[in-house]
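Step one of this worksheet: look at the structure below.
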Amino acid sequence: MSVTILAIESSCDETSAAIVIDGKVINNIVASQSVHKEYGGVVPELASRAHQQNIVPVVNKAMKDAGLVPSNLSAIAFTRGPGLLGALLVGTSFAKSMALALDIPLIEVNHMQAHVLAHFIDDPKPHFPFLCLTVSGGHTQIVLVKSPTNMEIVGQTKDDAVGEAFDKAAKMLGLTYPGGPLIDKYAQDGNPQRFEFPETVMPGLDYSFSGIKTAVLYFLKEELSKNPEFIKENLTDLSASIQYTLIKMLMTKLRKAARQFNIKEIAIAGGVSANSGLRNALKQHENKHGWNVYVPDFQYCTDNAGMIAIAGYYKFLEREFVGLDIGPMARMPI
Ligand code: KG4
Ligand code: ZN
C-alpha cells in the first residue's frame, strides 16, 4: 500500500506544506512572510498571525496540486521544534486537528534533523556517515550523520548563528532584512582582502560569531566619523571582506571535523548554504581535499515543508508516531 504524508512547517517565518508519496516529495508550497521586512528581523507575534492566515491556503494548494483528497493521506507530519513557540503552535495545532479528524497517525519532526534530511529528497544523496554543516539564521551546527535517524551535533555556535551575523552586519551597512543575500550580492564585485576583521577561535569544533559583529560596528563607527560616506563608497569591499571572514571561520572548523572523523562526504544545509562564497569555498575543497560536496536544491535549503515530509516519511517507516497530547518545543535537541 502506498504511503502518502502531508507535512507542515511553521517554525519561523515561512508557512509551508508538502506532500511525500512513497519517499518521493511531490510538491513544496511555501508562503513567505514579508511583514517582518520593515522591522529588521522576525517579529514572533506577527509570524504567528501570518501563519494562521497562510496555513489553510498553503495546505489546500499542496493537496490540490498533488490531486489528493484528505482520505488519501496515511499520516500528518509537522515541525515540533526548535523555533518560535507561537509560530510552531499554529502548525502543531493544525496537524493535530487534521490527524484527529482523519483518524490517521501524527509524526513529529525536528526542524534541524529535517534540514539535514533535505539531502534525501533528490539525487545525488550523501553516503553515511557524512558531515552536515547546517547554517541558517538561527543555527550553525556541524552534524555527524550516521543514519536518517541517528545524528550527533559535534560542533556549534556558542552565541550568534552565522546567518544572524550576516544579517546584523548587513543592517549596519544600511541593508534591508534579511541582509545575508544582499551582502552576497555586493560581495561579488568587492575585494575580500580590503578590510580585515578578527576571527574568534573557539575550542574544538565550536563557533562564535558575536565578536565579528562588534568588530564591524566599531570599525564602521570609526571610519564614519572621518568620512560619513564611508559605507556608500566601500559597500562592495565591506561586503566581500565580511563574507570572506565568516566563510573562512565556517570552513576552518568544517575542515577540522572532516580530518577528525576522517570523512570526505560533506553536506551543507540551511539558508546560508545559498551563499556563493560558501559554495565556492566548498568547490575548492572538493578539488583540493577530495571531498564529495552535497548541496540541496535551493528550495530545500531555506525553511520548507519538503524536508519535513522526507523526515516524516523515514519516521513513518519506523512507525514513530506521537499522541494528540503533544505540544511544540521552542528548544529541541537533535
Ligand atoms: O534556513 P533559513 O531560511 O531560516 C532560518 O533561519 O531557519 O535561513 C535564513 C538565513 C538568513 O539569516 C539569511 O540572511 C541567510 O539565511 N541567507 C544568506 C543567503 N541567503 C540566505 N546568507 C548569506 N548569503 C546568502 N546568499
Ligand atoms: Zn531552518
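Computed quantities for the displayed model
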| item | result |
| --- | --- |
| So Ser241, is it open to solvent by less than 10 Å² (accessible area, probe 1.4 Å) and more than 23 Å from Asn304 (Cβ to Cβ) | yes |
| Scan of segment 27-52 for residues that are open to solvent by 80 Å² or more (accessible area, probe 1.4 Å) and either closer than 20 Å to Ala99 by Cα or of a type in the set (Val, Ile, Thr) (or both), ordered by number | Gln52 |
| Candidate set from segment 281-312 (those that are assigned to a helix (DSSP H, G or I) and β-branched (Val, Ile, Thr)); member that is nearest to ligand 2 (Cβ to nearest atom) | Ile308 |
| Cβ pairs under 8 Å, 6+ apart, first in segment 147-162 and free of Cβ contacts under 8 Å to residues at least 40 places away in the same chain, second surrounded by fewer than 16 Cβ atoms within 10 Å (Cβ to Cβ) | Ser147/Phe128 |
| Among the candidates Lys288, Lys253, residue that is open to solvent by 20 Å² or more (accessible area, probe 1.4 Å) and either under 20 Å from the mean Cα position of the chain (by Cα) or not small (Gly, Ala, Ser) (or both) | Lys288 |
| Among residues of segment 1-55, those that are closer than 22 Å to Leu117 by Cβ, within 16 Å of ligand 1 (Cβ to nearest atom) and not small (Gly, Ala, Ser), counted | 9 |
| Check on Ile183, crowded, with 23+ Cβ neighbours inside 10 Å and in a helix (DSSP H, G or I) | yes |
| Residue in segment 61-81 that is at pLDDT 95 or above, within 16 Å of ligand 1 (Cβ to nearest atom) and basic (Lys, Arg) present | yes |
| Selection within segment 114-140 - at pLDDT 95 or above, open to solvent by 10 Å² or more (accessible area, probe 1.4 Å) and either out of contact with any strand residue (DSSP E or B) (no Cβ under 9 Å at 6 or more places or on another chain) or within 13 Å of ligand 2 (Cβ to nearest atom) (or both) | Phe120, Asp123 |
| Sole exception among (1) crowded, with 24+ Cβ neighbours inside 10 Å; (2) within 11 Å of ligand 1 (Cβ to nearest atom); (3) in a helix (DSSP H, G or I) for Leu278, by number | (1) |
| Any hit, segment 313-320, residues being more than 16 Å from ligand 2 (Cβ to nearest atom) and among the hydrophobic types (A, V, I, L, M, F, W, C) | yes |
| Those strands (runs of 3 or more DSSP E) lying entirely in segment 15-110 with at least 1 residues under 30 Å from Leu175 (Cβ atoms) | 24-32, 75-81 |
| Residue check for Ala258: of a type outside the set (D, E, K, R) and either away from ligand 1 (no atom under 16 Å from the Cβ) or in the same structural domain as Ala95 (by TED's automatic domain parsing) (or both) | yes |
| Residue pairs meeting the criteria (Cβ under 6 Å; at least 6 apart or on separate chains; first more than 19 Å from Val135 (Cβ to Cβ), in segment 207-234; second among the β-branched types (Val, Ile, Thr)) | none |
| The listed residue being out of contact with any Lys or Arg (no Cβ under 7 Å at 6 or more places or on another chain), part of a helix (DSSP H, G or I) and either more than 13 Å from ligand 1 (Cβ to nearest atom) or farther than 19 Å from Lys232 by Cβ (or both), out of Gly190, Gly174, Gly163 | Gly163 |
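The values are calculated or read from the model by the stated rules, or taken from the named source; none is laboratory data. No experiment lies behind these values; they were computed from the predicted model shown. Note that each Cβ is placed from the backbone with ideal geometry, even for glycine, and that neighbours are counted across all protein chains shown. Note: accessible area is taken over every heavy atom of the protein model, side chains too, but ligands, DNA and RNA are not part of it. Shrake-Rupley method; radii C 1.70, N 1.55, O 1.52, S 1.80 Å.
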